[in-house]
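Reviewing the structure listed below.
The values are calculated or read from the model by the stated rules, or taken from the named source; none is laboratory data. Note that this is a predicted model, so its numbers are computed, not measured. Heads up, the Cβs are rebuilt from the backbone with ideal geometry, glycines too, and the neighbour counts pull from every protein chain shown. Note: accessible area is taken over every heavy atom of the protein model, side chains too, but ligands, DNA and RNA are not part of it. Shrake-Rupley method; radii C 1.70, N 1.55, O 1.52, S 1.80 Å.
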Amino acid sequence: MTKKKDSARSYKSKMNNAQGSAFEKMIVGGCAAYKKRGRALIEKTPEPFKIIRKEDGGRAIVQFQKHKKAQCDFKGVLNDRRAIIFESKATTEKRMNQNRLSAAQLEQLTEYEKMGAVAGVCVLINKTAAFIPFSIWSHMKSIYGRKYITEEEAEIFQVETPGTIQFLNYVDVDRVIEFIDQQEEGFFYD
């Protein structure tokens, strides 16, 4: 590969990482707003790491445990006593691939959903912030005929973004309910 292609790939990677980090911070802001209003208590799941050495002043040398099964990014409880769990993913592209979730994350979302939790994937696809229910995410192939969702398709699940990601507040909740009802009637599910 040429230096020019490596440089372009590195730049794109840095842009995606910056966007993902900003997106997560906006979700954390949404979590804080929901807590303040008494609507939900949702926390960011810490990344798995191992302390290598403790130092003075509360500092430490740590090592990220990349081989540990990554858990979903956010977990908590809604004020109606249901659990909520979701992963967050961002891309500057105009589509989000289903395989962006690890096998461990897919398994965790599946298990939580079976137990009655609100489960989903909070995405930022290009400029569209959306909360896609896991029942839709896990059946992309049946619904869309492929294993990715476009920015345009995600607009059905678009959420409010008044400075934070209000992932529990769909822009058009009636449209979301109608879409999910169509799926449950067996139009697309396997």
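A few remarks follow.
- Placing +1 on the Cβ of every Lys and Arg and -1 on the Cβ of every Asp and Glu, with nothing else charged, gives the chain a dipole about its Cα centre of roughly 1320 debye.
- When the residues 115, 15 are ordered by accessible surface, computed with a 1.4 Å probe over the protein chains alone, the sequence from largest down reads 115, 15.
- Comparing 54, 12, 75 in a Gaussian network model of the chain where C-alpha atoms under 10 Å apart are linked, the largest mean-square fluctuation is found at 54.
- Across region 87-103, computed HN-Hα scalar couplings (Karplus, 6.51 cos²θ - 1.76 cosθ + 1.60, θ = phi - 60°) run 9, 10, 9, 9, 8, 8, 6, 9, 8, 10, 7, 4, 6, 5, 8, 6, 4 Hz from first to last residue, x flagging Gly and Pro.
- Relative contact order of the chain: 17 percent, from C-alpha pairs under 8 Å at least 6 residues apart in sequence.
- Using only alpha-carbon positions in region 94-180, the gyration tensor eigenvalues give semi-axes of 19, 15, 13 Å once each is multiplied by 5 and square-rooted (largest first).
- Just so you know, the Cα atoms of the chain work out to an Rg and Dmax of 18.0, 61 Å.
- Ligands, DNA and RNA are left out, and with a 1.4 angstrom probe the accessible area of the chain is 62 Å² per residue.
- Of all lysines in the structure, those lying under 28 Å Cα to Cα from residue 54, and not within fewer than 8 positions of it along the same chain, are 25, 44, 66, 68, 69.
- Region 21-176, accessible surface, carbon-and-sulfur percent (1.4 angstrom probe): 50 percent
- Expressed to the nearest 5 percent, the antiparallel share of DSSP beta bridges inside the chain is 75 percent.
- Alpha-carbon centroids, region 105-152 and region 10-49: separation in whole Å: 17 Å
- Phi angles across region 121-137 convert, under the Karplus curve 6.51 cos²θ - 1.76 cosθ + 1.60 with θ = phi - 60°, into 3J(HN,Hα) values of 10, 8, 10, 10, 10, 6, 10, 9, 8, 8, 10, 9, x, 4, 4, 7, 4 Hz, Gly and Pro given as x.
- Ligands, DNA and RNA excluded, the heavy atoms of residue 80 present near 80 Å² of accessible surface to a 1.4 Å solvent probe.
- Comparing 27, 134, 58 along the charge dipole axis of the chain, the residue lying farthest to the positive side is 58, per the Cβ-charge model.
- Exposed GluC sites (Glu not before Pro) absent: longest stretch of the chain, with sites in DSSP loops and at most 15 other Cβ within 10 Å deemed exposed: 94-184
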